[in-house]
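The values are calculated or read from the model by the stated rules, or taken from the named source; none is laboratory data. Given the structure is predicted, the values throughout are model-derived calculations rather than measurements. Reconstructed Cβ throughout: ideal geometry from the backbone, glycine too, with neighbour counts over all protein chains shown. Please note that ligands, DNA and RNA were not included when accessible areas were found on the heavy atoms of the full protein model with its side chains. Shrake-Rupley method; radii C 1.70, N 1.55, O 1.52, S 1.80 Å.
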Amino acid sequence: MIEFQQVTKRYGSDHTALKQVNFHLDRGELAFLTGHSGAGKSTLLKLIMLMERPSAGQVVVGGQVLNNMPRRQVPYIRRHIGVVFQNHQLLFDRTVFDNVALPLEVMGVPTRDIGRRVRAALDKVGLLSKEKMNPMQLSGGEQQRVGIARAVVNKPPLLLADEPTGNLDPELSADIMHLFEQFSQVGVTVLIASHDISLIHDMGRRTLTLEHGRLVNGGSALGGMAHGH
Amino acid sequence: MATEPTRPRQQGRGAAQSRSEARDVAGSYLAHHRKVARESGRRLWQAPVASLMTWLVMGVAMAMPVALLLLLTSLEGVSAGWESSARITTYLTDNLSLEQAQALRLEVGSRGDVDDVELIDRDSALAEFRATSGLADALDYLDENPLPHTLLVTPPETGRTAAGVERLAAELEALPGVARVQVDLGWLQRLNVMTQLLARAVWVLALLLGCAVILVIGNTIRLAIENRRDEILVVKLVGGTDAFVRRPFLYTGVWFGLGGGLVAWFLLELSLWWLSGPIERLAALYHSNFALSGLPLDGALALLVFAMLLGWLGAWLAVKRHLDAIEPGVPAGS
Ligand SMILES: Nc1ncnc2c1ncn2[C@@H]1O[C@H](COP(=O)(O)OP(=O)(O)O)[C@@H](O)[C@H]1O
Ligand SMILES: [Mg+2]
């Protein structure tokens with residue numbers, strides 16, 4: 001589902017955020033991406049989202065090479081990737097329902113299908129009763145779950161999360177992680193960036209560890225060889 | 001507006017199903033356009049003062065050149081009216097007798113480039129002068145009639161151009177027994193030149209004010225884009241195309257244009273109504289057929305359409321400059 005081949009990302013001319021990263025993530029797999037702050041976790045996710053382009057190497061998502069993807073194709077790639085951020089990026093000028101409906105609206109889904117699908121997504125994250133509320137009225141954990149509902153409402157095959165539990169207490173964090181596990185059980189590939197080592201440890205899943213832009217753990221055999229260079 | 005239909009990417013579906021799906025997509029696309037148009041209109045209503053200011057600025061900027069164009073059209077009507085009644089006043093020499101004047105009248109009347117000749121003998125000329133000039137008392141002091149016989153020469157329809165009238169006047173002046181020829185070509189030409197000059201000035205003004213309108217709209221839209229920055233980022237993040245992101249702003253520009261056009265129309269009608277009375281009186285004083293022409297309905301509709309186009313163009317430029325630059329870059333948790 002996701003494949004990084006010798007991916008290097010430089011910001012400007014001197015700063016290298018990712019160095020020759022190799023790994024491969026299968027369909028339906030759930031993996032964590034961890035490392036110290038500034039290790040390159042967000043950068044790696046941005047490359048998948050086409051928010052940044054690699055300086056060298058290849059990023060392949062769903063069998064498509066993203067490197068030379070023309071700008072006008074980018075939206076259609078993003079429609080197959082759900083993203084969740086720490087600051088959830090909800091819009092406070094509209095209801096929970098309208099926030100979750102946004103990806104469907106963008107895709108031109110007929111209005112009568114939107115209601116059904118938004119409610120299905122809200123139901124999955126346990127917020128069906130709050131669809132008419134403004135996200136500002138919700139707690140931090142609820143807001144994060146609205147963000148997750150928005151990320152999965154169009155049933156993307158790939159789900160990315162960047163520090164999804166950053167602001168939450170441990171109990172709520174565990175809840176959110178179990179939600180991600182449920183999505184992976186129905187075949188969604190999930191990649192979660194987090195520096196919450198203990199939580200990751202509890203989950204007992206594959207973990208990719210970045211250190212100063214290098215993948216030092218959890219990569220493929222090829223990644224290990226590349227690291228040995 | 002730039003359109004980018006969504007592409008269903010899933011493969012391996014039945015043809016019938018994908019056809020009905022395509023219809024659904026087209027339907028929801030139109031529904032989306034309607035929704036965006038409605039919502040951007042609603043946003044303008046929600047900030048009535050700011051919107052009204054923009055409409056007024058646009059209205060004034062568009063009403064001015066249109067008003068001048070209307071004035072120009074009215075002036076062209078004046079010169080056309082003059083040409084249709086063009087006459088050459090031919091003063092005969094003092095020593096010419098009435099019989100000789102009548103002979104000359106026949107001679108001129110037989111020319112091919114003359115439609116009609118009227119002889120005003122010196123006595124009736126004096127009588128008319130006495131009646132209309134208000135100088136009757138002064139005239140009584142004169143021993144004899146100072147006025148000559150006069151021929152009023154009307155050129156045929158085809159000869160009523162400035163050049164044709166001028167040529168005929170020169171030939172008449174060369175005839176023996178003719179003292180002087182008078183044509184009011186002077187002011188006709190002056191008016192023509194002035195109308196041409198004015199026309200150019202109006203177009204320059206229209207161009208400048210059109211640019212101003214585009215800039216005003218562009219700036220307004222730029223602010224709207226800044227205000228909705230978060231929304232734009234999220235929409236791009238969940239796969240909104242550039243066309244999708246631009247659409248509300250383009251509609252906003254169109255609504256601004258429509259409002260500005262309506263204000264311009266209103267201003268034009270108002271000034272016309274206010275000016276028409278005095279102008280009629282003025283024209284009557286000068287025995288002129290001058291009348292200020294108003295904006296016909298199709299002209300008004302053209303004005304509205306044009307205003308909407310300007311609004312759209314201004315919005316498009318702002319969107320091109322400022323919107324494409326907003327890209328989801330730095331999410332949280334760096
Ligand atoms: N847009 C950017 N321009 C320049 N440097 C950046 C940019 N984004 C990230 N970086 C740098 O790249 C490195 C990796 O950042 P990031 O991927 O955000 O790390 P993490 O998410 O693991 O904390 C950091 O040193 C950061 O300062
Ligand atoms: Mg980060």
Open item on the list: On the Cα set of region A:1-149, report Rg and Dmax in Å, please.
Closed with: 17.6, 52
TODO: Kindly rank B:235-242, B:138-145 from highest to lowest mean number of other beta carbons found within 10 Å of each residue.
DONE: B:235-242, B:138-145
- [ ] Measure out, as a whole number of angstrom, how far apart the alpha-carbon centroids of region A:37-86 and region B:249-267 sit.
- [x] 41 Å
Open item on the list: Quick one: 3J(HN,Hα) in Hz for region B:24-37, Karplus 6.51/-1.76/1.60 with θ = phi - 60°, rounded, Gly and Pro as x.
Closed with: 4, 5, 4, x, 6, 5, 5, 4, 5, 4, 4, 5, 5, 4
Task: Which of A:N22, A:Q137, A:H36, positive extreme of dipole for chain A (C-beta unit charges) - done: A:N22
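Find out how many positive minus negative residues lie around A:A56, taking Lys and Arg as positive, Asp and Glu as negative, among other residues whose Cβ is under 11 Å from that of A:A56. Mind dumping the intermediate values first?
Working: positive: A:K9, A:R10, A:K19, A:R53; negative: none.
So the environment of A:A56 carries a net charge of +4.
Please compute the Kirkwood hydrodynamic radius of the protein assembly as shown from all pairs of different C-alpha atoms, in Å with one decimal. Walk me through the numbers on the way to the answer.
Numbers: mean 1/r = 0.0328 Å⁻¹.
30.5 Å is the Kirkwood radius here.
Please compute the average number of Cβ atoms from other chains found within 10 Å of each residue's Cβ in peptide B:229-237.
On the way: counts 0, 5, 5, 0, 2, 9, 6, 5, 13.
Per-residue shielding by partner chains comes out at 5.
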Open item on the list: If I fit a long axis through the Cα atoms of helix B:162-173 and take the longest principal axis of the Cα atoms of chain B, what angle between them do I get, 0 to 90°, rounded to 10?
Closed with: 10 degrees
Open item on the list: Whole-Hz ³J(HN,Hα) for each residue in region A:212-219, computed from phi via Karplus 6.51 cos²θ - 1.76 cosθ + 1.60 with θ = phi - 60°, x for glycine and proline: what do you get?
Closed with: 6, x, 9, 7, 9, 7, x, x
Task: Pairs beyond 23 Å (Cα-Cα), from A:K155/B:K35; A:K124/B:K236; A:K124/B:K35; A:K155/B:K320; A:K19/A:K41; A:K46/A:K130 - done: A:K155/B:K35; A:K124/B:K236; A:K124/B:K35; A:K155/B:K320; A:K46/A:K130
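To the nearest 20 Debye, how big is the dipole of the protein assembly as shown about its Cα centre, given +1 on the beta carbon of each Lys and Arg and -1 on that of each Asp and Glu? Don't skip to the answer; put the middle values down first.
Numbers: 54 positive and 55 negative charges, 880 e Å.
Here the size comes out at about 4220 debye.
Could you provide, to the nearest whole Å², the per residue accessible area of the protein assembly as shown with probe 1.4 Å? Could you put the intermediate results ahead of the total?
Values: 28710 Å² over 563 residues.
The answer is 51 Å² per residue.
Which value does Rg/Rh take for region B:87-184 over its C-alpha atoms, Rh per Kirkwood? List each step's numbers first, then the result.
Working: Rg = 14.4 Å, Rh = 14.2 Å.
That ratio is 1.02, to two decimals.
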- [ ] Read phi for every residue in region B:117-127 and hand back ³J(HN,Hα) as whole Hz from Karplus 6.51 cos²θ - 1.76 cosθ + 1.60, θ = phi - 60°, with x for Gly and Pro.
- [x] 10, 10, 9, 10, 6, 4, 5, 5, 4, 5, 4
Open item on the list: Let me understand chain B better: what is its radius of gyration from the alpha carbons, and its Dmax, in angstrom?
Closed with: 33.9, 115
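What number, rounded to the nearest 500 deg cm²/dmol, is the helix-based mean residue ellipticity at 222 nm of the protein assembly as shown, given -39500 (n - 2.57) per DSSP H run of at least four residues and division by all its residues? Don't jump to the answer; show the numbers that get you there.
On the way: 18 runs with 311 residues, N = 563.
Mean residue ellipticity at 222 nm (helix-derived): -18500 deg cm²/dmol.
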- [ ] In whole angstrom, note down how far apart the Cα centers of region A:116-149 and region B:37-77 are.
- [x] 44 Å
- [ ] Hey, can you grab everything whose amide H is under 5 Å from the amide H of B:V178? Only 5+ residues off in sequence or another chain; H modelled, so Pro and N-termini drop out.
- [x] B:T93
Task: Accessible carbon and sulfur surface of chain A relative to its total accessible area, %, 1.4 Å - done: 50 percent
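Once you average over the residues of A:61-73, how many Cβ atoms of partner chains fall within 10 Å of each Cβ?
Details: counts 0, 1, 0, 0, 0, 0, 0, 0, 0, 0, 3, 4, 2.
If you average over the peptide's residues, the count of other-chain Cβ atoms is 1.
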Task: Buried on assembly, region A:88-109 (at least 30 Å² less accessible surface than by itself, 1.4 Å probe) - done: A:Q89, A:L91, A:R94, A:L102, A:E105, A:V106, A:G108
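Going highest first, how would you order B:56-67, A:26-37, B:41-52, B:301-312 by mean Cβ packing within 10 Å?
Going by the mean number of other Cβ atoms within 10 Å, highest first, we get B:56-67, B:301-312, A:26-37, B:41-52.
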